[in-house]
Amino acid sequence: MGAAAIEDDDPFEEQREQAENPMRRLFAEYGAGNRFAFVVGVVSSITARALDLLPIVLLSVAIDAVFGEKQFSLLFVPDAWLPVTRSGQLWLSVTLIAVAFFGGAAFHWTRNWGWNSFAQHIQHSVRTDTYDKMQRLNMDFFADKQTGEMMSILSNDVNRLERFLNDGMNSAFRLGVMVIGIAAVLLYWNWQLALITLSVVPLIAYFTYKFIRIIQPKYADVRSSVGQVNSRLENNLGGIQVIKSANTEDYESERVEDVSQNYFDANWDAIGTRIKFFPGLRVLAGFGFVATFLVGGLWVISGPPGPFTRPLSVGEFTGFVLFTQRFIWPMAQFGQIINMYQRAHASSARIFGLMDEPSRIAEDPDADELVVEEGGVVYDDVTFGYDDEETIIEDVSFEVEGGNTLALVGPTGAGKSTVLKLLLRMYDVDEGSVDIDGQDLRDVTIPSLRRQVGYVSQDTFLFYGTVEENLTYGTFGADREEVREAAKAAEAHEFITNLPDGYDTEVGERGVKLSGGQRQRISIARAILKDPEILILDEATSDVDTETEMLIQRSLDRLTADRTTFAIAHRLSTIKDADQIVVLEDGRIVEGGSHEELIDEDGLYAHLWGVQAGEIDELPEEFIERAQQRDARRVETDDD
């Protein structure tokens, strides 16, 4: 796959392109709180590198004064303070060189502490802020993104920022001090020879500029392909049971090989550019060193060559040679810093693009806390679609009195789950309103709403941890006795006590160590423990056998007796005693009433009841044709 194809597949391309000045924003928003560590890193870097340069300066002076005829002098030090004998000058030089080495070591330590502290704190803050923003986005955002792609941002992209803030920034200041310091010393010693040494700097700068222009889009492609690899691996590991049961290991290995090949191609493209760049820099740096050595050597042997006029001593020439090597190679290493910067820039664009993702659910800053007294719920002409192109539910209106049970039934894809997700404000209505006790949900705070509503989904999810940790999730202050009573009410206590460690048994990732029915009963117990004013049961018994369903249904009857309840069920026998039944088809209400009333109407509900009663031969042909039409246009969706 080419770079353009990878770019088209980047799920965060839109977010990345909208992020303006991501690196400047990183320092503005996260660097301010870590100024102390930053200052320690900068000051220590400058001091450590200045001390690193001092031994060469002292060596140059010592060669000319101790072993030659030149006067011993040190910049910024009065001559009266310096020894006059050659042995004293030698010992002073040795002492100062030793002090420079030991002092440099100390400042290297504080430099590393400062940069590591600066990078680690920012990494921690960026990762937690990104996760917090991500988990507060609308559900339709997650419908368009894969888990592996989001994990790539939280892990790989954030880690790349840390590497640049630590290694990259550290190296940038280290090399900057060396380049500026060495250039200043060389110009002070012999500005004419320094011009020879510095002549390659414009070429290196231009070469680096071209590298930046070429490598930046390549690194964006690499970041995108990494997300694709993570998504494929996450999907396959999560569906390993399906892969094994379908005997599709070879097929999945080929799919992993494909996305890995895409990553290989994108990464190798970037590597190819990089491995050409750095040797090129070394060649340019080598020209500078060779020119300095040749011209300087001739200068010492025969005097100033050509148009040059300034004298050059052996000590200065020695310092020039040593400093030139230290000067030219750091110039080449700036390419590596630019390399890290471009990687960090691509990652920060994805991070801030995600942070800036707008939410369709806008909470009013002046919203009130939801107060539930009766628990009455009203849907008034509600229309909603996940995007502007398709309407999922249209003109849905019904009213549920506090303490009553309303059941939503209809064919798969009719919009039943979507209707109830609006009650939790997983999404906001496009038209109409949803009220609880006369309070529009858009006028109350989301946390207060969700505290009052319990939700048991057909897709039961358990977190990695113990049974008790999953039972108390969202009700963290519950004691052991309350937990046991909730489990008993959900018909879960018996099987829990038979587990190896009872309530302390680890359930595995996503509850893999438990059966579907056991996971569902734990989910129901979790809702019971929350003791909400309003309860939503979305196929709450879909994964249990008939006998267990009877036991759970008995507990649910007690649970729903004094609270407003919404129930979705494909097995209509579980909701036939509901106070009110609403029948949906293609996002619209087509029938409503009690079980008996709907059976007498001989409409969609009665036909669905007939299907479950095994009376297929008695169904009208029109119903069969409509079922076939619905099946033909049905797409995979999480709606039901």
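Assess whether Asn470 counts as being touching a Gly at 6+ places or on another chain (Cβ under 8 Å) and either among the polar types (S, T, N, Q) or not assigned by TED's automatic domain parsing to the domain that holds Gln458 (or both).
Values: touching a Gly at 6+ places or on another chain (Cβ under 8 Å): yes; either among the polar types (S, T, N, Q) or not assigned by TED's automatic domain parsing to the domain that holds Gln458 (or both): yes.
Spelling it out, Asn470 is indeed touching a Gly at 6+ places or on another chain (Cβ under 8 Å) and either among the polar types (S, T, N, Q) or not assigned by TED's automatic domain parsing to the domain that holds Gln458 (or both).
Residue-wise test of (1) at pLDDT below 60; (2) closer than 19 Å to Arg571 by Cα; (3) assigned by TED's automatic domain parsing to the domain that holds Val456.
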| position | (1), (2), (3) |
| --- | --- |
| Gly593 | no, yes, yes |
| Gly610 | no, yes, yes |
| Arg626 | no, no, yes |
| Gln629 | yes, no, yes |
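Given (1) at pLDDT 70 or above; (2) in contact with an Asp or Glu (Cβ under 7 Å, 6 or more places away or on another chain), where does Leu59 come up short, assuming only one miss?
Here Leu59 clears every test but (2).
Would you say Asp381 is surrounded by 12 or more Cβ atoms within 10 Å (Cβ to Cβ) and under 30 Å from Glu29 (Cβ atoms)? I'd like the intermediate steps shown before the answer.
Values: surrounded by 12 or more Cβ atoms within 10 Å (Cβ to Cβ): yes; under 30 Å from Glu29 (Cβ atoms): no.
So Asp381 does not fit the description; no.
Which residues, taken from region 237-265, are closer than 17 Å to Val222 by Cβ and in contact with a Lys or Arg (Cβ under 7 Å, 6 or more places away or on another chain)? Let's see the steps before the verdict.
At the first step, the residues of region 237-265 found to be closer than 17 Å to Val222 by Cβ are 258-265.
Listed by number, the list holds a single entry, Val259.
Looking at (1) farther than 25 Å from Asn34 by Cβ; (2) surrounded by 21 or more Cβ atoms within 10 Å (Cβ to Cβ), which one does Tyr206 not meet, given that it meets all the others?
Result: Tyr206 passes all but (2).
Can you find a residue in region 395-402 that is outside the structural domain of Val126 (by TED's automatic domain parsing), at positive phi, loosely packed, with under 13 Cβ neighbours inside 10 Å and not small (Gly, Ala, Ser)? Talk me through it step by step, then tell me what you get.
First, the residues of region 395-402 that are outside the structural domain of Val126 (by TED's automatic domain parsing): 395-402.
Next, from what is left, pick out any that are at positive phi: 395.
From what's left, loosely packed, with under 13 Cβ neighbours inside 10 Å: none.
No.
Residues that are surrounded by fewer than 21 Cβ atoms within 10 Å (Cβ to Cβ), modelled with pLDDT under 85 and in contact with an Asp or Glu (Cβ under 6 Å, 6 or more places away or on another chain): does region 162-185 have at least one?
The answer is no, given that none of the residues of region 162-185 is surrounded by fewer than 21 Cβ atoms within 10 Å (Cβ to Cβ), modelled with pLDDT under 85 and in contact with an Asp or Glu (Cβ under 6 Å, 6 or more places away or on another chain).
What's the number of the condition Ser359 fails, among (1) at pLDDT 85 or above; (2) hydroxyl-bearing (Ser, Thr, Tyr); (3) within 22 Å of the chain's Cα centre (by Cα)?
All conditions are met except number (1).
Which numbered condition in (1) in contact with a Pro (Cβ under 8 Å, 6 or more places away or on another chain); (2) modelled with pLDDT of 85 or more is the only one that Asp600 fails?
Of everything listed in (1) in contact with a Pro (Cβ under 8 Å, 6 or more places away or on another chain); (2) modelled with pLDDT of 85 or more, Asp600 misses just condition (1).
Specify the residue that is modelled with the lowest pLDDT; the eligible residues are those in region 403-414 that are surrounded by 22 or more Cβ atoms within 10 Å (Cβ to Cβ) and touching a helix residue (DSSP H, G or I) at 6+ places or on another chain (Cβ under 9 Å).
Among residues in region 403-414 that are surrounded by 22 or more Cβ atoms within 10 Å (Cβ to Cβ) and touching a helix residue (DSSP H, G or I) at 6+ places or on another chain (Cβ under 9 Å), the one modelled with the lowest pLDDT is Gly413.
For region 460-498, how many residues are charged (D, E, K, R) and within 27 Å of the chain's Cα centre (by Cα)?
Here is the first cut: in region 460-498, the residues charged (D, E, K, R) are 468-469, 479-482, 484-485, 488, 491, 494.
This time we only want the ones that are within 27 Å of the chain's Cα centre (by Cα), so: 469.
Qualifying residue count for the region: 1.
Could you give me the residue pairs with C-beta distances under 8 Å whose first residue belongs to region 123-139 and is outside any helix (DSSP H, G or I), whose second residue is small (Gly, Ala, Ser) and loosely packed, with under 15 Cβ neighbours inside 10 Å wherever it lies, and which are 6+ apart or on separate chains?
From region 123-139, the pairs are Arg136/Ser359; Leu137/Ser359; Asn138/Ser359.
Between a residue in region 458-470 that is modelled with pLDDT under 80 and buried (at least 19 other Cβ atoms within 10 Å of the Cβ) and any residue that is in a loop (DSSP other than H, G, I, E, B) and of a type in the set (S, T, N, Q), which pairs come within a Cβ distance under 8 Å, given they are 6 or more apart or on different chains?
Every condition considered, the pairs that remain are Gln458/Ser542.
Yes or no: region 437-448 includes at least one residue that is assigned by TED's automatic domain parsing to the domain that holds Leu556, in contact with a Lys or Arg (Cβ under 6 Å, 6 or more places away or on another chain) and not in a loop (DSSP other than H, G, I, E, B).
yes
Going by the structure shown, is Pro202 part of a helix (DSSP H, G or I), in the same structural domain as Met151 (by TED's automatic domain parsing) and free of Cβ contacts under 8 Å to residues at least 24 places away in the same chain?
Yes: the conditions hold for Pro202.
Are any residues in region 415-438 more than 34 Å from the chain's Cα centre (by Cα) and either of a type in the set (Val, Ile, Thr) or crowded, with 24+ Cβ neighbours inside 10 Å (or both), and if so, which ones?
Ile436
With respect to the numbered conditions (1) exposed (fewer than 14 other Cβ atoms within 10 Å of the Cβ); (2) modelled with pLDDT under 80; (3) farther than 26 Å from Glu533 by Cα, which one is the sole condition not fulfilled by Ala561?
(3)
Any idea which of (1) at pLDDT 75 or above; (2) part of a helix (DSSP H, G or I); (3) among the small types (Gly, Ala, Ser) is the one Ala578 doesn't satisfy?
Failed condition: (2).
Pick from Asn262, Asn166: which is in contact with a Phe, Trp or Tyr (Cβ under 6 Å, 6 or more places away or on another chain), in contact (Cβ under 8 Å) with a residue 12 or more places away in the chain and part of a helix (DSSP H, G or I)?
The unique qualifying residue is Asn166.
Got a number for residues in region 449-475 being β-branched (Val, Ile, Thr) and in a helix (DSSP H, G or I)? First the steps, then the outcome.
Within region 449-475, the first condition is being β-branched (Val, Ile, Thr), and the residues that meet it are 453, 456, 460, 466-467, 472, 475.
Pick out the ones that are also in a helix (DSSP H, G or I) and you get 467.
Here the count works out to 1.
Determine whether Gly315 is surrounded by 20 or more Cβ atoms within 10 Å (Cβ to Cβ), over 21 Å from Arg174 (Cα atoms) and touching a residue at least 12 places away in the same chain (Cβ under 8 Å). I'd like the intermediate steps shown before the answer.
Values: surrounded by 20 or more Cβ atoms within 10 Å (Cβ to Cβ): yes; over 21 Å from Arg174 (Cα atoms): yes; touching a residue at least 12 places away in the same chain (Cβ under 8 Å): yes.
Yes.
Looking only at region 22-39, how many residues end up being surrounded by fewer than 13 Cβ atoms within 10 Å (Cβ to Cβ) and either under 17 Å from Ser125 (Cβ atoms) or modelled with pLDDT under 85 (or both)?
Going residue by residue through region 22-39, those that are surrounded by fewer than 13 Cβ atoms within 10 Å (Cβ to Cβ) are 24, 28, 32-33, 35-36, 39.
Adding the requirement that they be either under 17 Å from Ser125 (Cβ atoms) or modelled with pLDDT under 85 (or both) leaves 24, 28, 32-33, 35-36.
Total meeting the criteria: 6.
So, in region 28-50, how many residues would count as being aromatic (Phe, Trp, Tyr) and under 26 Å from Gly181 (Cα atoms)? It would help to see each step written out before you state the result.
As a first pass, look at region 28-50 and keep what is aromatic (Phe, Trp, Tyr): 30, 36, 38.
Applying the additional criterion that residues be under 26 Å from Gly181 (Cα atoms) yields 36, 38.
So the count comes out to 2.
The values are calculated or read from the model by the stated rules, or taken from the named source; none is laboratory data. Because the structure is predicted, anything quoted here is derived from the model rather than measured. With ideal geometry, Cβ positions are generated from the backbone for all residues, glycine too; neighbour counts draw on all protein chains shown.
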